[in-house]
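Please read the structure below before turning to the comments.
The values are calculated or read from the model by the stated rules, or taken from the named source; none is laboratory data. These numbers come from a predicted model, not from an experiment. Cβ coordinates were reconstructed from backbone atoms using ideal geometry, including for glycine residues, and neighbour counts include every protein chain displayed.
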Ligand SMILES: CC(C)(COP(=O)(O)OP(=O)(O)OC[C@H]1O[C@@H](n2cnc3c(N)ncnc32)[C@H](O)[C@@H]1O)[C@@H](O)C(=O)NCCC(=O)NCCS
Ligand SMILES: Nc1ncnc2c1ncn2[C@@H]1O[C@H](COP(=O)(O)OP(=O)(O)OP(=O)(O)O)[C@@H](O)[C@H]1O
């Protein structure tokens, strides 16, 4: 149940989303990803670019919140969110000079914001169910694009459902990460939340940059770390996981988006 008594405002929700994206990129160290200590496996982006990108999303995310405020889940809302999502992508590319920093995050956060704005007292279940229902609708305004996205290439080659599949399934990995954060204490709970995502998300970003075997090897190492009771940050196996990501050019961008989303939902007291 929501901790705050006043109804959520579009501005607050969008500001919290941007804050969550900034929190995620600053969270360090993370395997292969851009953070406050390194640019991970990336050469065309850094912390400053991610912060700029996150801020560029605020107007579109506010529009997504306004459009979905107590609105029914239907094709009208889906079309509005699709159009706003494309505006958000344009704002992101303008802010980053054409670098893809938050494409997956725009998708995930738009849907979660639409879920949150559905009623005055959202619960985790109402938020995720509404987000899922919207993700299952086809966007009536989707432009004809002939070039395949990286996610679509992976989807075709390996049958991995990617960002779309995660949302259409009701964000099961996000739910699992929230439960992991809830079950742990101190800073370690966020590392364990992150690891729960790294261990289970079939991240198309990883597979596109390498292959399925690399994804599976990475997931296995992350899962093994979760079975170890010692704090993640000081566990040498975590440093090995970060090194493995560098050696194999692994960038778990989908997990990063879901990690930011996990933090976002906890800011509204939505953990179960
Ligand atoms: C749904 C999206 C992300 C499609 O992604 P697609 O799978 O085609 O691949 P693409 O290469 O464009 O994006 C991949 C990104 O998704 C994220 N991702 C990858 N795997 C996963 C996963 N398993 N779970 C969650 N996110 C993931 C990563 O950030 C990755 O970089 C998006 O491009 C899209 O359709 N945008 C439209 C905007 C829209 O409709 N917005 C309104 C929301 S209702
Ligand atoms: N800290 C981070 N938070 C969120 N996403 C991150 C982070 N660090 C890296 N990424 C991910 O890196 C992805 C970009 O990786 P990559 O360069 O492979 O992107 P691409 O657009 O798929 O490919 P290319 O740049 O080669 O066209 C972003 O979409 C993003 O998901």
Q | Evaluation of residue 91 against (1) within 13 Å of ligand 1 (Cβ to nearest atom); (2) more than 20 Å from the chain's Cα centre (by Cα); (3) modelled with pLDDT of 95 or more (one fails), failing number | A | (2)
Q: Take the residues in the range 131-159 that are loosely packed, with under 11 Cβ neighbours inside 10 Å and within 15 Å of ligand 2 (Cβ to nearest atom), then tell me which one is farthest from residue 205 (Cα to Cα).
A: 145
Q. Which of (1) more than 21 Å from the chain's Cα centre (by Cα); (2) away from ligand 2 (no atom under 16 Å from the Cβ) does residue 267 not meet, given it meets every other one?
A. (1)
Q. Could you say whether any residue in the range 13-23 is over 15 Å from the mean Cα position of the chain (by Cα) and either within 16 Å of ligand 1 (Cβ to nearest atom) or modelled with pLDDT under 95 (or both)?
A. yes
Q: Could you tell me which numbered condition residue 59 fails, if it satisfies all but one of (1) in contact with a helix residue (DSSP H, G or I) (Cβ under 6 Å, 6 or more places away or on another chain); (2) surrounded by fewer than 18 Cβ atoms within 10 Å (Cβ to Cβ)?
A: (1)
Q: Restricting attention to the range 164-194, report how many residues are away from ligand 2 (no atom under 16 Å from the Cβ), in contact with a helix residue (DSSP H, G or I) (Cβ under 6 Å, 6 or more places away or on another chain) and in contact (Cβ under 8 Å) with a residue 60 or more places away in the chain.
A: 3
Q. When the residues of the range 233-257 are filtered to those that are closer than 25 Å to residue 102 by Cβ and not in a helix (DSSP H, G or I), which remaining residue is farthest from the chain's Cα centre (by Cα)?
A. 249
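Being part of a helix (DSSP H, G or I) and more than 22 Å from residue 102 (Cβ to Cβ) is the filter here, so list the residues in the range 201-217 that pass it. Quick ask: steps written out before the conclusion?
Of the residues in the range 201-217, the ones part of a helix (DSSP H, G or I) are 204-209, 212-217.
The answer is 212, 213, 214, 216, 217.
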